[in-house]
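Quick notes on the structure that follows.
Here, each number is a calculation from the coordinates, and none is a lab measurement. Computed from a prediction, not measured in an experiment: that's the story for all the values here. In this analysis, Cβ positions are derived from the backbone assuming ideal geometry, glycine residues included, and neighbour counts consider all displayed protein chains.
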Amino acid sequence: MFFGIKLYPVRIIFAILTIACMVVIFMFSSDNAKKSSSKSGKVTETAVEVFVKDYDKLPRAKQISIMDKAEHIIRKLAHYSIYTALGFCASMTVGRRRLKSLKNAGVIAFCFLYACSDELHQHFTPGRACMFTDVLIDTGGALTGMLMSLIILAFAGWILKKKAERSESRK
């Protein structure tokens, strides 16, 4: 038992994945503004090439405007998606539970506090900013990941129950 949680092998794996997500988030937050923009800029360029028809034929001012808007969206999606992974892994570490439970509140509080510490970390990284809106986006991503895990856990429980019922009926 660890903090009242039985440690099954699957939970241990998800605990390790939770720590891995936290390390990845910390590493991304350690990038200075130039390096961070370079990484997101490459993703943004690819997205714009895929989604904006004839981008290279547009006037330069329009290209810059599109790229700025797209980069903002890509950066916020990056926040949301990495915290979705964190929320999913942290929730899977906790295991099966009811939708309304203290464990769910604990998972969200854990992710919220990590998002706060992440933004504080960025405050001390050259060229980066500490933004509460990012904490809210991160927490929303974590909530999404937790809800995804609850759906998967409920579905897995349903399958196991059906399997047990079938094997009981064969006896």
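The figures follow:
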| quantity | calculated |
| --- | --- |
| Neighbour-count order for Val10, Val135, Val107, Val48, fewest beta carbons within 10 angstrom listed first | Val10, Val48, Val135, Val107 |
| Structure-based [θ]222 nm, the chain - -39500 (n - 2.57) summed over DSSP H runs of at least 4, per residue, nearest 500 | -28500 deg cm²/dmol |
| Residues His72 and Asn32, FRET efficiency given R0 of 22 Å [Cβ-Cβ distance, rounded to 0.05] | 0.75 |
| The chain: relative contact order in percent, alpha carbon pairs under 8 Å with at least 6 residues between | 30 percent |
| Cα-based Rg and Dmax for the stretch 60-115, where Dmax is the largest Cα-Cα distance (Å) | 16.9, 54 |
| For Thr139, Thr46, order by how many other beta-carbon atoms lie within 10 Å, fewest first | Thr46, Thr139 |
| Semi-axes of the equivalent ellipsoid for the chain, Cα gyration tensor, largest first, Å | 39, 21, 12 |
| Neighbourhood net charge (11 Å Cβ-Cβ; Lys/Arg +1, Asp/Glu -1) for Val135 | -4 |
| At least 15 Å along the helix axis (C-alpha) and Kyte average at least 1.0, DSSP helices within the chain | 9-30 |
| Most positive-pole-ward Cα, Phe124, Ile16, Gly140, against dipole of the chain from beta carbon charges | Ile16 |
